[in-house]
1. If you count the DSSP beta bridges with both ends in the range 25-114, what percent of them are antiparallel, to the nearest 5?
2. Can you pull the one-decimal nm distance between simple spin-label points at Ala107 and His142, each 7 Å off the Cα toward Cβ?
3. Which trypsin sites (Lys or Arg not before Pro) from the range 349-384 combine a DSSP loop assignment with at most 16 other Cβ atoms within 10 Å?
4. Taking a ≥ b ≥ c as the square roots of the eigenvalues of the Cα gyration tensor of the range 250-381, is the shape rounded (a/c under 1.5), prolate (a/b larger than b/c) or oblate?
5. Over the heavy atoms of Val280, what accessible area does a 1.4 Å probe trace out, to the nearest 10 Å²?
6. How much length, in nm to one decimal, is gained on full extension between Ser115 and Glu55, taken as 0.36 nm per residue of separation minus their Cα-Cα distance?
7. Working out 0.36 nm times the residue gap between Ala300 and His45, then minus their Cα-Cα distance, what length gain in nm do you get to one decimal?
8. Starting from the Cα of Asp8, move 7 Å in the Cα-to-Cβ direction to define the label point; list residues of the range 99-123 whose amide nitrogen is under 18 Å from there.
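The values are calculated or read from the model by the stated rules, or taken from the named source; none is laboratory data. Note that the coordinates shown come from a computational prediction; the quantities given were computed from them, not determined experimentally. A quick note on method: Cβ atoms are made from the backbone with ideal geometry, for glycine too, and the neighbour counts reach across all protein chains shown. What goes into the accessible areas is simple: the full protein's heavy atoms, side chains included, and nothing from ligands, DNA or RNA. Shrake-Rupley method; radii C 1.70, N 1.55, O 1.52, S 1.80 Å.
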Amino acid sequence: MVERLLIDHVGHFGDGVALVEGQSLFVPYTLGGETVDVAPAPGHHPDRRQLLRVEHASAERIEPFCPHFGICGGCAIQHWEPARYHAWKRDLVVATLKQAKIDCEVAELIDGHGSGRRRMTLHARKGTHDVLKVGFATAQSHDIVPIDRCPILDPGLNGALDAAWALAEPLTAIGKPLDIQITATDAGLDVDVRGSGPLPAALVASLSNIAAKHRLARLTRHGELVLMREPPGVTMGKARVILPPGSFLQATVAGEEALAALVAKHCGRAKRIADLFCGVGPFALRLAEKSRITAFDSDAGAIASLQKAASSTQGLKPVKAEARDLFRRPLVAEELRDFDAVVFDPPRQGAQAQAERLAASKMPVVIAVSCNAATFARDARILIDGGYKIEGVTPVDQFRHTPHVELVARFVR
């Protein structure tokens, strides 16, 4: 059944929203003011519709630059002119804070896309008639869109798709679906394959030949080394960090630099800083150029890489890195007394337990970094109710063409 809808606005997830008899209907790839023909969406999604045709297009609509857009689920918005898209993304943060009754200034959006994404995870599956597919998941399904290029990737990932297809061919013969994580490093491509199961010796030899042919810096399987031509590293401030296999890294170089610059600015003249959920040290290693740092993260591999990078870099203040699960063992007020400022950058679920301990402390300055405005607002409310004042929020668009937005905020007592 074909319906004609008038799109009212673009919602929080990047879909157009039509208001029909008090109900919100979500139509991907549409813009406010557009008249569109739609059909019921595949699957059991009564409030979603599938776009068939744009009958009346918005003046803000532009031509998407990727041939996979609308099929691949990686990008939600390539069809909106940049100025309106930037305003919408900032407004996502404004609306989330307003809903949480947090009154503060929200700065203009910083574009952190730079030269593009430096890491990605591809999926490899054998489908009908044993045909191999390597690519990204489609929107709202587990189907795979085979791709041979992706225009939002950093040039450092040149050759990554060819390498993924070459690795997937022998590995999917085992019969298991694969996830192939690829990161651009200064030594070349760092690849971690997950889902293959144990590898026979002959297959290891075949993979080693593929890795050599595609000049991979390192190939691991579930973090276990298969081949390493050169340790894969990235630069963070003055330091060079050798990445643990499959480790987390900010999606873009420009995004990491923008976040780190905001964190450093907000730390001001603090001499002793605690960096919580520190990862491999994008903030700690830069802050250590002026301040003594104690860094905490549950990932022991990331902590080891951070400590080694700090110890081997000239010109840094002392850095102490400690493996600690801050969800189960957040720093308490007594431990926080040794610091002038705290930086925390938790995963998407936020840091509720740590925020509660900070709210009960006398820490003068807290800098919060987040990739989820909703959990940030929850944690910010805890800090504010504990006596902190929020001085402002700066959104950073590291994940361009998606509804995801990073942000940095400063809290003071």
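1. On the way: 7 of 9 bridges.
In the range 25-114, approximately 80 percent of DSSP beta bridges are antiparallel ones.
2. Label at Ala107, label at His142, 4.2 nm between them.
3. On the way: sites: Arg357, Lys362, Arg378, Arg381; in loops: Lys362.
For trypsin sites (Lys or Arg not before Pro) across the range 349-384 that sit outside H, G, I, E and B with at most 16 neighbouring Cβ atoms in 10 Å, the list reads Lys362.
4. Values: a/c = 1.38, a/b = 1.25, b/c = 1.11.
It comes out rounded by the Cα gyration axes.
5. Looks like 10 Å² after rounding.
6. Details: separation 60, 0.36 × 60 = 21.60 nm, distance 3.50 nm.
Working it through step by step, the gained length comes to 18.1 nm.
7. Here the segment from Ala300 to His45 would lengthen by 87.7 nm.
8. 99
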